[in-house]
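The structure appears right after this line, and notes come after that.
The values are calculated or read from the model by the stated rules, or taken from the named source; none is laboratory data. All of these numbers come straight from a predicted model, not from anything done at the bench. Because the Cβ atoms are built from the backbone with ideal geometry, glycine has one as well, and the counts that use them run over all protein chains shown. Note: areas computed on protein heavy atoms with side chains; ligands, DNA, RNA excluded. Shrake-Rupley method; radii C 1.70, N 1.55, O 1.52, S 1.80 Å.
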Amino acid sequence: MHREAGSLKITRSALIMSASFAGAILLFAGYIFIYQQVPFEGSLNDWALSLITILGALFAAALATAIYLHYHPQDYPRKVWLNLMIGCWLWFVAELIWGTLDYVLGEVTSPGLAD
């Protein structure tokens, strides 16, 4: 059988999607490992778990921003992605505040600044 010349090429979007999927799996597996095995002392273990959550929120915000910037200002999906992008960045800021308060104070009141 004769294959087309470009059929085996990996597209840029497929590569980005594969890298994103692999990163998400690594973050998830790392979170589970740290949570179950407790490889660090108490406060450092909590800090590592908070850092993984913050990184997840940061990656979601960065990806939503990249998709938002992909569309032209006249495209309707850009309006939808604007709201999702803002929500993801607010989620990242809230996780960052929560993680910082937890690290500095040892506990976070609810409701608090992060909420």
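Here are a few things to note about the model shown:
- Subset of region 71-115 that is β-branched (Val, Ile, Thr) and assigned to a helix (DSSP H, G or I) - its residue that is farthest from THR53 (Cα to Cα): VAL80
- Considering region 27-57, the residues that are β-branched (Val, Ile, Thr) and in a helix (DSSP H, G or I) include one that is farthest from LEU101 (Cα to Cα), namely ILE32.
For (1) open to solvent by 80 Å² or more (accessible area, probe 1.4 Å); (2) under 21 Å from ILE34 (Cα atoms), each residue gets a yes or a no:
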| position | (1), (2) |
| --- | --- |
| LEU51 | no, yes |
| GLY56 | no, yes |
| TYR76 | yes, no |
| ASN83 | yes, no |
| TRP89 | yes, no |
| VAL93 | no, no |
| GLY112 | no, no |
| ASP115 | yes, no |
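- Number of the exception - MET17 against (1) at pLDDT 90 or above; (2) of a type outside the set (Lys, Arg); (3) under 16 Å from the mean Cα position of the chain (by Cα); (4) open to solvent by 50 Å² or more (accessible area, probe 1.4 Å): (1)
- Of residues in region 95-110 being in contact (Cβ under 8 Å) with a residue 12 or more places away in the chain and among the charged types (D, E, K, R), the one surrounded by the fewest Cβ atoms within 10 Å (Cβ to Cβ): ASP102
- Residue list for region 61-74, restricted to those being touching a Lys or Arg at 6+ places or on another chain (Cβ under 9 Å) and either in contact (Cβ under 8 Å) with a residue 60 or more places away in the chain or surrounded by 17 or more Cβ atoms within 10 Å (Cβ to Cβ) (or both): TYR68
- Residue check: ILE34 meets all listed conditions (1) β-branched (Val, Ile, Thr); (2) surrounded by fewer than 16 Cβ atoms within 10 Å (Cβ to Cβ); (3) under 27 Å from ALA114 (Cβ atoms) but one, namely (2).
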